[in-house]
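Q: Take a look at the following structure, please.
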Amino acid sequence: MPEKTSTISGFYRLSIEERVKKLRAFADLSDDDVALLSAFGALDAETADRMIENVVGSYAFPLGLATNFQINGQDYLIPMALEEPSVVAAASNAARMTRKTGGFKASSTDPVMIGQIQVTDIPDMKAAQDTVLEQKENLLKVANAQDPVLVKFGGGARDLQLRQLETMMGPMLILHLLVDARDAMGANAVNTMCEALAPLIEELTKGKVYLRILSNLAEYRRARAEALFSAKDLGGPHVVEGILKAYAFAQADPYRCATHNKGIMNGIDAVLLATGQDFRAVEAGAHTYAATQDGGYQSLTHYEKTPEGDLRATIELPMAVGLVGGATRTHPVARLCVKILGVKTATELAQIIVSVGLAQNVAALRALSQEGIQAGHMKLHARNVAIAAGAFEGEVDQVAQKMIAEKRVRFDAAQEILAEMRKKKV
């Protein structure tokens, strides 16, 4: 039997069927395995094959709807794609609480992205900076010439900033090209502009340009949301106190703050994924933004008690999202999710997303500071464990309930309970 190898010449040139045939031999796949890979669903095989390389199938996430959201006076049903239980329900519940107090109030800055051009080996740093600044207007014109359509819609290169950086490889001049991306995420436009400026920057500085690429720390492109939660709806003054103490814990301890911010991103990433956004870019930008605040890594949310004893919650973070280009236009379900939201601009989408992140964080802190996260989360998680253990539709709830009652929500426990149930039926 020939030895297995992952070196397959011309794999990318093969059809999906031919790739799956190669994969079947390598991984000893069954007919059922191959059928599962071939079930592309809403994302058809041809579209998937254009989106990434070496496609052999597609991977589906559950798509749920968060309800009750009212943002800037408008109602939304919000698509969320994720695999973690309790997130959609928690966000919906928190949104319900805000309706009595006016819902979420959201805003955002202009959609300005940062492109970075790294210049090294500069013989005279001051002279280089002076020369670049003297040519700033010409450089901006060259940048804008790369995307006349963006300029036509009110976007384009706005400014050029300089930073001198001391590094382990010596001093570097970093140019920040600020680009208003309008309703696009902006990566392609910014990268194209930086590429066009690179040879001109080398000529002006007498240095060597290496990297010229977008930064995912989109600090100028921020979205903000706030909401008021009455103490009564939260469960009483002691719940407000518990949330404030949980927030204080996160602000003081990076180990807690990492999980605190992860909870925010549970809601944010789910909407990003549903609408075809680059969720990795937003995630990276969010955590970097949190880490560059005074005092080190900080919470992306802020909480305070009002004079009336209620809870005021706010959130702010970089939110680089778009409605033009990328998977948002390519993926049929992403297009449908945008239609469900009814959004017309990228800034409106950003405001919705941060509102979901805020709702999710409030709900999580409320649960954590009171009954604990397991009470609600484990009820849903137990069902998933039961299904993974092989429980059929009529058995899932029984297995889940018994695991919860015995406080043994584990795969081995589910198998044991399932075996006992089936033995009694025989």
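The values are calculated or read from the model by the stated rules, or taken from the named source; none is laboratory data. Keep in mind the model is a prediction, meaning the values are calculated, not measured. With ideal geometry, Cβ positions are generated from the backbone for all residues, glycine too; neighbour counts draw on all protein chains shown.
Q: Which of (1) without any contact (Cβ under 8 Å) to a residue 40 or more places away in the chain; (2) surrounded by 15 or more Cβ atoms within 10 Å (Cβ to Cβ); (3) assigned by TED's automatic domain parsing to the domain that holds L211 is the odd one out, the single condition A127 does not satisfy?
A: Unmet condition: (2).
Q: I've got another one for you. With the requirement that a residue be crowded, with 20+ Cβ neighbours inside 10 Å and either under 22 Å from H176 (Cβ atoms) or among the β-branched types (V, I, T) (or both), what does the stretch 218-238 give you?
A: Listed by number, the residues that qualify are A218, R221, R222, A223.
Q: Next question. I'm trying to understand the selection: among the residues of the stretch 88-119, which are touching a strand residue (DSSP E or B) at 6+ places or on another chain (Cβ under 7 Å) and in a helix (DSSP H, G or I)?
A: Result: V88, A91, S92, A95, R96, M97, T98, R99, T101.
Residue-wise test of (1) free of Cβ contacts under 8 Å to residues at least 24 places away in the same chain; (2) assigned by TED's automatic domain parsing to the domain that holds P237; (3) in a helix (DSSP H, G or I); (4) farther than 23 Å from R224 by Cβ.
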| residue | (1), (2), (3), (4) |
| --- | --- |
| R312 | no, yes, no, no |
| A334 | no, yes, yes, yes |
| V343 | yes, yes, no, no |
| A350 | no, yes, yes, no |
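Q: From the set of residues in the stretch 266-296 that are among the acidic types (D, E) and modelled with pLDDT of 95 or more, which is surrounded by the fewest Cβ atoms within 10 Å (Cβ to Cβ)?
A: Selected residue: E283.
Q: Whether any residue in the stretch 197-216 is within 30 Å of T301 (Cβ to Cβ) and free of Cβ contacts under 8 Å to residues at least 40 places away in the same chain is what I want to check.
A: no
Q: Testing T101 on (1) over 24 Å from A184 (Cα atoms); (2) modelled with pLDDT of 95 or more; (3) outside the structural domain of D310 (by TED's automatic domain parsing), one condition comes back false. Which one is that?
A: (3)
Q: Hey, does the stretch 53-72 have a residue that's part of a loop (DSSP other than H, G, I, E, B), loosely packed, with under 14 Cβ neighbours inside 10 Å and among the polar types (S, T, N, Q)?
A: The answer is yes; a qualifying residue exists.
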